[in-house]
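The values are calculated or read from the model by the stated rules, or taken from the named source; none is laboratory data. Fair warning: this is a prediction, and the values are worked out from it, not measured in the lab. Here Cβ is always computed from backbone atoms with ideal geometry, including for glycine, and neighbour counts include all displayed protein chains. Ligands, DNA and RNA are excluded from the accessible area calculation, which covers all protein heavy atoms including side chains. Shrake-Rupley method; radii C 1.70, N 1.55, O 1.52, S 1.80 Å.
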Amino acid sequence: MELRVDVSSELSGTVKAPPSKSYTHRAVIVAALADGISEIRDPLVAEDTLSSVEACRAFGVDIEGSEKWYVTGSGGELETPDDVVYLGNSGTTLRIMTSVAGLAENYTILTGDESLRTRPMQPLLDALKPLGVEAVSSRMNGLPPVIIRGGFRGGETSIEGSLSSQFISSILIAAPLSEGVDLKVEGEFISRPYVDMTLDVMEKFSVPVEYSDGVFSVEPSRYRGRKYTVEGDYSSASYLAGAVAVAGGKVRIENLFRDSRQGDRIILDIIREMGADVVAGDDHVVVSSTGELSGVQVDLHDAPDLLPTVAVLGALADGRTEIRGVEHARYKETDRIRTCATELGRLGVEVKELRDGMVIEGGVRGGVVSSHGDHRLAMAFTLIGLREGIKIMDGEVFSVSFPDFPERMKSIGCRINFPQH
(Lines give C-alpha, C1' and ligand atoms only; values in the text may rest on other atoms or scores of the structure.)
Protein backbone atom coordinates (compact mmCIF):
# COMPACT_ATOMS: atom_id res chain seq x y z
CA MET A 1 0.00 0.00 0.00
CA GLU A 2 1.22 3.50 -0.85
CA LEU A 3 2.17 6.16 1.68
CA ARG A 4 2.19 9.61 0.06
CA VAL A 5 3.75 12.75 1.50
CA ASP A 6 3.32 16.19 -0.04
CA VAL A 7 5.48 19.27 0.45
CA SER A 8 4.88 20.77 3.90
CA SER A 9 6.38 23.68 5.80
CA GLU A 10 6.26 25.61 9.07
CA LEU A 11 5.25 22.72 11.29
CA SER A 12 3.82 23.60 14.69
CA GLY A 13 2.02 22.22 17.71
CA THR A 14 2.52 19.71 20.49
CA VAL A 15 2.79 15.97 19.93
CA LYS A 16 3.43 13.05 22.26
CA ALA A 17 6.20 10.62 21.38
CA PRO A 18 4.89 7.06 21.24
CA PRO A 19 5.91 4.61 23.99
CA SER A 20 9.29 2.92 23.66
CA LYS A 21 9.28 -0.30 21.67
CA SER A 22 12.46 -1.55 23.35
CA TYR A 23 11.19 -0.89 26.87
CA THR A 24 7.78 -2.41 26.09
CA HIS A 25 9.37 -5.68 24.92
CA ARG A 26 11.57 -5.91 27.99
CA ALA A 27 8.89 -4.93 30.49
CA VAL A 28 6.27 -7.43 29.34
CA ILE A 29 8.74 -10.33 29.09
CA VAL A 30 10.27 -9.63 32.51
CA ALA A 31 6.77 -9.23 34.00
CA ALA A 32 5.90 -12.62 32.50
CA LEU A 33 8.81 -14.14 34.44
CA ALA A 34 8.02 -12.32 37.69
CA ASP A 35 6.19 -13.37 40.84
CA GLY A 36 2.79 -11.74 41.15
CA ILE A 37 0.80 -9.41 38.92
CA SER A 38 2.36 -6.51 37.01
CA GLU A 39 0.58 -3.54 35.47
CA ILE A 40 2.35 -2.26 32.34
CA ARG A 41 1.15 1.29 31.78
CA ASP A 42 1.33 3.06 28.41
CA PRO A 43 2.80 0.09 26.49
CA LEU A 44 3.46 0.42 22.78
CA VAL A 45 0.68 -1.56 21.13
CA ALA A 46 2.22 -2.47 17.78
CA GLU A 47 2.94 -5.55 15.70
CA ASP A 48 6.42 -6.14 17.15
CA THR A 49 5.46 -5.72 20.79
CA LEU A 50 2.32 -7.82 20.37
CA SER A 51 4.64 -10.58 19.14
CA SER A 52 6.22 -10.52 22.60
CA VAL A 53 2.80 -10.59 24.26
CA GLU A 54 1.69 -13.58 22.19
CA ALA A 55 5.00 -15.36 22.78
CA CYS A 56 4.58 -15.00 26.56
CA ARG A 57 1.01 -16.30 26.28
CA ALA A 58 2.33 -19.31 24.37
CA PHE A 59 4.36 -20.18 27.48
CA GLY A 60 1.21 -20.10 29.62
CA VAL A 61 1.37 -16.51 30.90
CA ASP A 62 -1.93 -14.66 31.30
CA ILE A 63 -1.86 -11.13 29.85
CA GLU A 64 -5.00 -8.99 29.70
CA GLY A 65 -5.89 -5.42 28.80
CA SER A 66 -5.32 -3.05 25.91
CA GLU A 67 -4.28 0.45 27.05
CA LYS A 68 -2.76 -1.15 30.15
CA TRP A 69 -1.45 -4.71 30.25
CA TYR A 70 -2.04 -6.82 33.34
CA VAL A 71 0.50 -9.63 33.43
CA THR A 72 0.11 -12.56 35.83
CA GLY A 73 3.72 -13.61 36.22
CA SER A 74 4.85 -17.21 35.96
CA GLY A 75 7.62 -16.97 38.53
CA GLY A 76 9.75 -18.62 35.86
CA GLU A 77 7.55 -21.74 35.77
CA LEU A 78 6.83 -21.71 32.04
CA GLU A 79 4.71 -24.18 30.12
CA THR A 80 6.07 -25.72 26.94
CA PRO A 81 4.17 -24.15 24.01
CA ASP A 82 1.71 -26.53 22.37
CA ASP A 83 2.64 -25.36 18.88
CA VAL A 84 5.37 -23.56 16.94
CA VAL A 85 5.63 -19.98 18.22
CA TYR A 86 5.32 -17.49 15.34
CA LEU A 87 6.96 -14.11 16.02
CA GLY A 88 6.21 -12.18 12.85
CA ASN A 89 9.03 -9.76 12.11
CA SER A 90 10.15 -9.09 15.69
CA GLY A 91 13.87 -9.72 16.06
CA THR A 92 13.85 -8.53 19.67
CA THR A 93 11.19 -11.08 20.59
CA LEU A 94 13.09 -13.84 18.79
CA ARG A 95 16.40 -13.12 20.52
CA ILE A 96 15.03 -12.62 24.05
CA MET A 97 12.58 -15.52 23.94
CA THR A 98 15.29 -17.92 22.75
CA SER A 99 16.93 -17.79 26.19
CA VAL A 100 13.58 -17.59 27.98
CA ALA A 101 12.48 -20.77 26.18
CA GLY A 102 15.39 -22.49 27.89
CA LEU A 103 13.47 -22.09 31.18
CA ALA A 104 10.59 -24.27 29.92
CA GLU A 105 10.64 -28.04 29.86
CA ASN A 106 10.93 -30.01 26.64
CA TYR A 107 11.25 -28.39 23.21
CA THR A 108 10.18 -25.00 21.86
CA ILE A 109 10.28 -23.94 18.20
CA LEU A 110 10.50 -20.21 17.39
CA THR A 111 10.02 -18.88 13.87
CA GLY A 112 8.73 -15.82 12.03
CA ASP A 113 8.21 -14.23 8.64
CA GLU A 114 10.59 -14.35 5.70
CA SER A 115 12.64 -11.39 6.96
CA LEU A 116 12.96 -12.78 10.49
CA ARG A 117 14.20 -16.07 9.12
CA THR A 118 17.29 -14.24 7.79
CA ARG A 119 18.37 -12.94 11.22
CA PRO A 120 21.65 -14.47 12.51
CA MET A 121 21.22 -16.57 15.65
CA GLN A 122 24.23 -18.89 15.89
CA PRO A 123 26.27 -16.78 18.36
CA LEU A 124 23.39 -16.85 20.85
CA LEU A 125 22.78 -20.57 20.32
CA ASP A 126 26.49 -21.24 20.98
CA ALA A 127 26.54 -19.03 24.09
CA LEU A 128 23.55 -20.85 25.59
CA LYS A 129 25.15 -24.28 25.36
CA PRO A 130 27.50 -23.88 28.37
CA LEU A 131 24.47 -22.74 30.39
CA GLY A 132 22.67 -26.04 29.83
CA VAL A 133 20.45 -25.06 26.92
CA GLU A 134 20.49 -27.11 23.72
CA ALA A 135 19.46 -24.76 20.95
CA VAL A 136 19.89 -25.32 17.22
CA SER A 137 18.86 -23.84 13.91
CA SER A 138 16.33 -26.18 12.32
CA ARG A 139 18.19 -25.96 8.99
CA MET A 140 21.61 -25.96 10.69
CA ASN A 141 22.47 -22.66 8.99
CA GLY A 142 22.46 -20.42 12.05
CA LEU A 143 19.11 -18.87 11.09
CA PRO A 144 15.54 -19.32 12.36
CA PRO A 145 13.52 -21.41 12.88
CA VAL A 146 15.32 -22.31 16.11
CA ILE A 147 14.62 -25.31 18.32
CA ILE A 148 15.32 -24.90 22.03
CA ARG A 149 15.37 -27.65 24.64
CA GLY A 150 14.80 -26.53 28.23
CA GLY A 151 17.54 -26.86 30.80
CA PHE A 152 18.83 -23.34 31.57
CA ARG A 153 20.87 -24.17 34.67
CA GLY A 154 23.31 -21.24 34.46
CA GLY A 155 27.10 -21.10 34.73
CA GLU A 156 29.75 -19.25 32.75
CA THR A 157 29.64 -18.32 29.08
CA SER A 158 30.86 -15.66 26.68
CA ILE A 159 29.68 -13.87 23.56
CA GLU A 160 31.11 -11.41 21.05
CA GLY A 161 29.94 -7.89 21.83
CA SER A 162 30.25 -6.76 18.21
CA LEU A 163 27.35 -8.87 16.94
CA SER A 164 24.06 -7.92 18.60
CA SER A 165 23.26 -6.42 21.98
CA GLN A 166 20.05 -8.47 21.88
CA PHE A 167 22.07 -11.66 22.44
CA ILE A 168 23.43 -10.18 25.67
CA SER A 169 20.03 -8.92 26.81
CA SER A 170 18.51 -12.32 26.08
CA ILE A 171 20.85 -14.23 28.39
CA LEU A 172 20.68 -11.59 31.13
CA ILE A 173 16.86 -11.60 31.26
CA ALA A 174 16.65 -15.38 31.73
CA ALA A 175 19.71 -15.60 34.02
CA PRO A 176 18.12 -14.80 37.44
CA LEU A 177 15.88 -17.87 37.16
CA SER A 178 18.88 -20.18 36.85
CA GLU A 179 21.65 -21.02 39.34
CA GLY A 180 23.31 -17.77 38.30
CA VAL A 181 25.26 -16.63 35.24
CA ASP A 182 28.59 -14.97 34.54
CA LEU A 183 28.48 -13.61 30.98
CA LYS A 184 31.72 -12.32 29.50
CA VAL A 185 31.45 -9.86 26.61
CA GLU A 186 34.36 -10.38 24.21
CA GLY A 187 35.78 -7.65 21.97
CA GLU A 188 33.93 -4.50 20.95
CA PHE A 189 30.65 -3.88 22.80
CA ILE A 190 28.16 -2.34 20.33
CA SER A 191 24.77 -0.85 21.12
CA ARG A 192 25.57 -0.78 24.84
CA PRO A 193 22.59 1.51 25.62
CA TYR A 194 20.20 -1.29 24.68
CA VAL A 195 21.79 -3.51 27.32
CA ASP A 196 21.60 -0.61 29.78
CA MET A 197 17.86 -0.50 29.08
CA THR A 198 17.65 -4.22 29.86
CA LEU A 199 19.48 -3.72 33.15
CA ASP A 200 17.19 -0.81 33.95
CA VAL A 201 14.06 -2.96 33.53
CA MET A 202 15.59 -5.88 35.46
CA GLU A 203 16.42 -3.56 38.35
CA LYS A 204 12.92 -2.05 38.33
CA PHE A 205 11.59 -5.60 38.74
CA SER A 206 13.96 -6.18 41.72
CA VAL A 207 16.90 -7.94 40.06
CA PRO A 208 20.25 -6.07 40.12
CA VAL A 209 23.12 -7.08 37.83
CA GLU A 210 26.84 -6.64 38.56
CA TYR A 211 29.26 -5.62 35.78
CA SER A 212 33.04 -5.60 36.09
CA ASP A 213 35.91 -6.06 33.63
CA GLY A 214 33.64 -7.07 30.77
CA VAL A 215 31.67 -9.63 32.79
CA PHE A 216 27.99 -9.42 33.74
CA SER A 217 27.22 -11.39 36.91
CA VAL A 218 23.64 -12.35 37.72
CA GLU A 219 22.83 -14.11 40.98
CA PRO A 220 19.85 -16.47 41.36
CA SER A 221 16.92 -14.21 42.12
CA ARG A 222 13.21 -13.56 41.62
CA TYR A 223 11.59 -10.84 39.60
CA ARG A 224 8.81 -9.12 41.55
CA GLY A 225 5.67 -7.87 39.83
CA ARG A 226 5.05 -4.12 39.92
CA LYS A 227 3.40 -1.18 38.22
CA TYR A 228 5.63 -0.03 35.38
CA THR A 229 5.17 2.94 33.03
CA VAL A 230 6.83 2.79 29.60
CA GLU A 231 8.69 5.96 28.63
CA GLY A 232 8.59 7.62 25.21
CA ASP A 233 10.60 6.27 22.29
CA TYR A 234 13.49 8.35 20.93
CA SER A 235 13.73 6.10 17.84
CA SER A 236 10.17 6.94 16.80
CA ALA A 237 10.54 10.54 17.93
CA SER A 238 13.43 10.91 15.48
CA TYR A 239 10.88 11.17 12.65
CA LEU A 240 8.93 13.88 14.47
CA ALA A 241 12.06 15.86 15.34
CA GLY A 242 13.49 15.26 11.87
CA ALA A 243 10.30 16.53 10.27
CA VAL A 244 10.64 19.88 12.05
CA ALA A 245 14.33 20.08 11.20
CA VAL A 246 13.53 19.54 7.50
CA ALA A 247 10.29 21.48 7.02
CA GLY A 248 10.92 24.28 9.51
CA GLY A 249 8.72 25.52 12.31
CA LYS A 250 8.54 24.83 16.03
CA VAL A 251 7.14 21.71 17.73
CA ARG A 252 7.05 20.47 21.32
CA ILE A 253 7.50 16.69 21.65
CA GLU A 254 6.31 15.31 24.98
CA ASN A 255 7.12 12.06 26.80
CA LEU A 256 10.86 12.28 26.07
CA PHE A 257 12.90 12.12 29.25
CA ARG A 258 16.24 13.85 29.76
CA ASP A 259 17.62 10.98 31.87
CA SER A 260 16.61 8.21 29.43
CA ARG A 261 18.96 5.26 28.90
CA GLN A 262 18.03 5.14 25.21
CA GLY A 263 21.02 5.54 22.91
CA ASP A 264 18.79 7.03 20.21
CA ARG A 265 18.45 10.24 22.23
CA ILE A 266 21.61 11.23 20.32
CA ILE A 267 19.24 12.30 17.53
CA LEU A 268 18.79 15.59 19.41
CA ASP A 269 22.52 16.27 19.26
CA ILE A 270 22.63 15.33 15.57
CA ILE A 271 19.85 17.64 14.42
CA ARG A 272 21.26 20.40 16.63
CA GLU A 273 24.64 20.01 14.92
CA MET A 274 22.90 20.06 11.52
CA GLY A 275 21.35 23.44 12.30
CA ALA A 276 18.09 22.93 14.21
CA ASP A 277 17.50 24.49 17.62
CA VAL A 278 16.79 21.94 20.37
CA VAL A 279 15.75 22.72 23.94
CA ALA A 280 15.34 19.69 26.22
CA GLY A 281 13.22 19.77 29.37
CA ASP A 282 12.94 17.02 31.97
CA ASP A 283 10.10 15.28 30.10
CA HIS A 284 9.84 17.02 26.73
CA VAL A 285 11.84 18.50 23.87
CA VAL A 286 11.17 21.64 21.80
CA VAL A 287 12.58 21.58 18.25
CA SER A 288 12.62 24.63 16.00
CA SER A 289 14.25 25.08 12.62
CA THR A 290 14.42 27.23 9.52
CA GLY A 291 14.67 24.05 7.44
CA GLU A 292 18.26 24.83 6.46
CA LEU A 293 20.55 21.95 7.43
CA SER A 294 24.25 21.21 7.02
CA GLY A 295 25.92 17.83 6.65
CA VAL A 296 27.55 16.10 9.61
CA GLN A 297 29.94 13.33 10.49
CA VAL A 298 28.34 10.94 12.96
CA ASP A 299 29.11 7.59 14.58
CA LEU A 300 25.91 5.60 15.19
CA HIS A 301 27.72 2.74 16.91
CA ASP A 302 25.27 2.85 19.86
CA ALA A 303 22.18 3.93 17.89
CA PRO A 304 21.95 1.84 14.69
CA ASP A 305 18.18 2.35 14.37
CA LEU A 306 18.84 6.01 13.57
CA LEU A 307 20.66 5.13 10.35
CA PRO A 308 17.66 5.65 7.99
CA THR A 309 16.70 8.94 9.67
CA VAL A 310 20.20 10.39 9.57
CA ALA A 311 20.78 9.15 6.00
CA VAL A 312 17.64 10.97 4.82
CA LEU A 313 18.55 14.12 6.77
CA GLY A 314 21.96 14.01 5.10
CA ALA A 315 20.34 13.84 1.66
CA LEU A 316 18.29 16.95 2.53
CA ALA A 317 21.25 18.88 4.00
CA ASP A 318 23.86 21.02 2.31
CA GLY A 319 27.26 19.39 1.97
CA ARG A 320 28.50 15.96 2.92
CA THR A 321 27.19 13.63 5.62
CA GLU A 322 29.27 10.67 6.74
CA ILE A 323 27.74 7.90 8.85
CA ARG A 324 30.04 5.31 10.43
CA GLY A 325 30.01 2.57 13.05
CA VAL A 326 26.85 0.74 11.95
CA GLU A 327 27.93 -2.45 10.22
CA HIS A 328 25.44 -4.22 12.53
CA ALA A 329 22.64 -2.29 10.76
CA ARG A 330 23.15 -4.74 7.88
CA TYR A 331 21.49 -7.43 10.04
CA LYS A 332 18.27 -5.63 10.93
CA GLU A 333 14.90 -6.05 9.19
CA THR A 334 16.85 -5.38 6.01
CA ASP A 335 20.48 -4.64 5.24
CA ARG A 336 19.77 -1.01 6.09
CA ILE A 337 23.02 0.32 4.66
CA ARG A 338 22.27 -1.30 1.31
CA THR A 339 18.55 -0.49 1.19
CA CYS A 340 19.01 3.14 2.28
CA ALA A 341 21.73 3.63 -0.33
CA THR A 342 19.59 1.98 -3.02
CA GLU A 343 16.50 4.09 -2.39
CA LEU A 344 18.42 7.36 -1.98
CA GLY A 345 20.10 6.58 -5.29
CA ARG A 346 16.65 6.33 -6.92
CA LEU A 347 16.04 9.92 -5.82
CA GLY A 348 19.23 11.20 -7.41
CA VAL A 349 21.36 11.26 -4.26
CA GLU A 350 25.08 10.65 -4.62
CA VAL A 351 25.79 7.90 -2.09
CA LYS A 352 28.93 5.89 -1.36
CA GLU A 353 28.26 2.71 0.56
CA LEU A 354 30.83 1.81 3.22
CA ARG A 355 31.27 -1.44 5.11
CA ASP A 356 30.00 0.23 8.29
CA GLY A 357 28.02 3.17 6.96
CA MET A 358 27.75 5.56 4.03
CA VAL A 359 28.83 8.92 2.66
CA ILE A 360 26.03 11.12 1.31
CA GLU A 361 26.34 14.26 -0.78
CA GLY A 362 23.37 16.53 -0.06
CA GLY A 363 20.86 16.97 -2.89
CA VAL A 364 17.70 14.96 -3.50
CA ARG A 365 14.59 15.01 -5.67
CA GLY A 366 11.12 13.63 -5.08
CA GLY A 367 9.92 10.36 -6.53
CA VAL A 368 8.87 6.82 -5.66
CA VAL A 369 10.74 4.50 -3.29
CA SER A 370 10.21 1.10 -1.71
CA SER A 371 10.18 0.43 2.02
CA HIS A 372 11.62 -3.06 1.46
CA GLY A 373 9.20 -4.08 4.21
CA ASP A 374 11.25 -2.10 6.75
CA HIS A 375 9.27 0.17 9.08
CA ARG A 376 12.20 2.51 9.75
CA LEU A 377 12.88 3.08 6.05
CA ALA A 378 9.21 3.83 5.41
CA MET A 379 9.05 6.46 8.15
CA ALA A 380 12.45 8.01 7.50
CA PHE A 381 11.75 8.57 3.79
CA THR A 382 8.60 10.55 4.60
CA LEU A 383 10.98 13.38 5.57
CA ILE A 384 12.07 13.73 1.95
CA GLY A 385 8.42 14.11 1.01
CA LEU A 386 8.07 17.16 3.26
CA ARG A 387 10.61 18.95 1.07
CA GLU A 388 10.21 17.30 -2.35
CA GLY A 389 7.09 15.11 -2.33
CA ILE A 390 7.34 11.31 -2.26
CA LYS A 391 5.45 8.04 -2.63
CA ILE A 392 6.58 5.10 -0.48
CA MET A 393 5.48 1.69 -1.68
CA ASP A 394 4.57 -0.85 1.03
CA GLY A 395 4.47 2.13 3.37
CA GLU A 396 2.02 0.45 5.75
CA VAL A 397 4.91 -1.26 7.56
CA PHE A 398 5.13 1.75 9.91
CA SER A 399 2.55 -0.20 11.98
CA VAL A 400 5.34 -2.52 13.18
CA SER A 401 6.56 0.10 15.67
CA PHE A 402 4.46 3.29 15.30
CA PRO A 403 0.83 2.41 14.47
CA ASP A 404 -0.52 5.97 14.50
CA PHE A 405 2.47 7.48 12.70
CA PRO A 406 0.39 9.29 10.02
CA GLU A 407 -1.91 10.85 12.62
CA ARG A 408 0.91 12.15 14.77
CA MET A 409 2.72 13.58 11.75
CA LYS A 410 -0.50 15.23 10.54
CA SER A 411 -1.08 16.74 13.99
CA ILE A 412 1.99 18.96 13.55
CA GLY A 413 1.18 19.96 9.96
CA CYS A 414 2.70 17.26 7.77
CA ARG A 415 0.70 16.60 4.60
CA ILE A 416 0.74 12.82 4.72
CA ASN A 417 -1.80 10.53 3.10
CA PHE A 418 -2.43 6.87 3.76
CA PRO A 419 -5.62 5.15 2.57
CA GLN A 420 -6.53 3.61 5.94
CA HIS A 421 -5.81 6.77 7.91
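When only DSSP loop residues count, what GluC sites (Glu not before Pro) in the range 95-168 have their Cβ near at most 13 other Cβ atoms within 10 Å?
Hits after loop and neighbour filter: Glu105, Glu114.
Let me spell out the model: positive unit charges on the Cβ of Lys and Arg, negative unit charges on the Cβ of Asp and Glu, origin at the Cα centre of the chain. What dipole size does that give, in debye rounded to 20?
Roughly 580 debye for the chain.
Within the range 37-81, which GluC sites (Glu not before Pro) sit in a loop by DSSP and count at most 12 neighbouring Cβ atoms inside 10 Å?
Details: sites: Glu39, Glu47, Glu54, Glu64, Glu67, Glu77, Glu79; in loops: Glu67, Glu77, Glu79.
Filter output for the range 37-81: Glu67.
Accessible area of the range 1-115 with a 1.4 Å probe: how many percent of it is carbon plus sulfur?
So the carbon and sulfur contribution to the accessible surface is 44 percent.
Report the label-to-label distance for Ser294 and Glu114 in nanometres (one decimal), using points 7 Å from each Cα along the Cα→Cβ vector.
Between Ser294 and Glu114, the label points sit 4.5 nm apart.
Name the residues whose placed amide hydrogens come within less than 5 Å of the amide hydrogen of Leu354, ignoring near sequence neighbours (fewer than 5 apart) on the same chain.
When sequence neighbours closer than 5 places are left aside, the close amide H contacts are Val359.
Of Pro145, Met97, Leu344, which is farthest towards the positive pole of the chain's charge dipole, taken about the Cα centre with +1 and -1 on the beta-carbons of Lys, Arg and Asp, Glu respectively?
In the chain, that residue is Leu344.
Please compute the modelled spin-label separation between Glu188 and Asp200, points set 7 Å along Cα→Cβ, answer in nm with one decimal.
2.4 nm
Please give the contour-minus-distance gain from Arg57 to Val279: 0.36 nm per residue of separation, less the Cα-Cα distance, rounded to one decimal in nm.
Separation in residues times 0.36 nm, less the Cα-Cα distance, equals 75.7 nm.
Label points 7 Å out from Cα along the Cβ direction at Glu353 and Asp269: separation in nm?
Taking the two extended label points, one gets 2.9 nm.
Using Cα atoms only, what is the angle between the long axis of helix 192-204 and the major principal axis of the chain, expressed in degrees (0 to 90) to the nearest 10?
50 degrees
Antiparallel DSSP bridges in the chain: what percent, to the nearest 5?
On the way: 49 of 75 bridges.
So the antiparallel bridges in the chain amount to around 65 percent.
List the residues, sorted by chain then number, that are 5 or more residues from Asp62 or on another chain and whose placed amide H is less than 5 Å from its amide H.
When sequence neighbours closer than 5 places are left aside, the close amide H contacts are Thr72.
Say we join alpha carbon atoms closer than 10 Å with springs in a Gaussian network model of the chain; which of Arg139, Arg119, Arg408 then has the biggest fluctuation?
Maximum fluctuation in the GNM of the chain, among the listed residues, is at Arg139.
Note down the magnitude of the dipole of the range 275-421 about its Cα centre, charges +1 on Lys and Arg C-beta and -1 on Asp and Glu C-beta and zero elsewhere, to the nearest 20 debye.
Using only the charged Cβ atoms, the result is roughly 480 debye.
From the phi of every residue in the range 43-60, what ³J(HN,Hα) in whole Hz does the Karplus formula 6.51 cos²θ - 1.76 cosθ + 1.60 yield, where θ is phi - 60° and glycine or proline is x?
Per residue, the Karplus-derived 3J(HN,Hα) values read x, 7, 9, 8, 4, 4, 5, 5, 4, 5, 4, 5, 5, 5, 4, 4, 8, x Hz.
Quick one: 3J(HN,Hα) in Hz for the range 113-122, Karplus 6.51/-1.76/1.60 with θ = phi - 60°, rounded, Gly and Pro as x.
6, 4, 5, 4, 6, 9, 7, x, 10, 4
Around Gly142, which amide H atoms from residues at least 5 apart in sequence, or from another chain, sit under 5 Å from its own amide H, with H modelled in the peptide plane?
Ser137
Rounded to the nearest 0.05, what FRET efficiency do Arg320 and Ser399 have when you use their Cβ-Cβ distance and R0 = 35 Å?
Calculated transfer efficiency: 0.55.
Give the accessible surface of the chain per residue, rounded to a whole number of Å², with probe radius 1.4 Å and ligands, DNA and RNA excluded. Mind showing how you got there, number by number?
On the way: 15680 Å² over 421 residues.
Accessible surface, normalised per residue, equals 37 Å².
How large a share of the accessible area of the range 321-421, in percent, is made up of carbon and sulfur atoms when the probe is 1.4 Å and the other protein chains stay in place?
For the range 321-421, the apolar C and S fraction of the accessible surface comes to 44 percent.
Once phi is turned into ³J(HN,Hα) by the Karplus curve 6.51 cos²θ - 1.76 cosθ + 1.60 with θ = phi - 60°, what whole-Hz value does each residue of the range 174-185 show in order, with x for glycine and proline?
Those phi angles translate into 7, 4, x, 8, 10, 7, x, 9, 10, 10, 8, 9 Hz.
In the range 138-237, carbon and sulfur make up what percent of the accessible area (probe 1.4 Å)? Please list the in-between numbers first.
Numbers: 1730 of 4020 Å².
So the carbon and sulfur contribution to the accessible surface is 43 percent.
Could you give the angle, 0 to 90 degrees to the nearest 10, between helix 234-247's Cα long axis and the longest principal axis of the Cα atoms of the chain?
The helix 234-247 is inclined about 0 degrees to the chain.
For the chain, what does the helix formula give at 222 nm: sum of -39500 (n - 2.57) over DSSP H segments with n ≥ 4, over the residue count, nearest 500 deg cm²/dmol?
-9500 deg cm²/dmol
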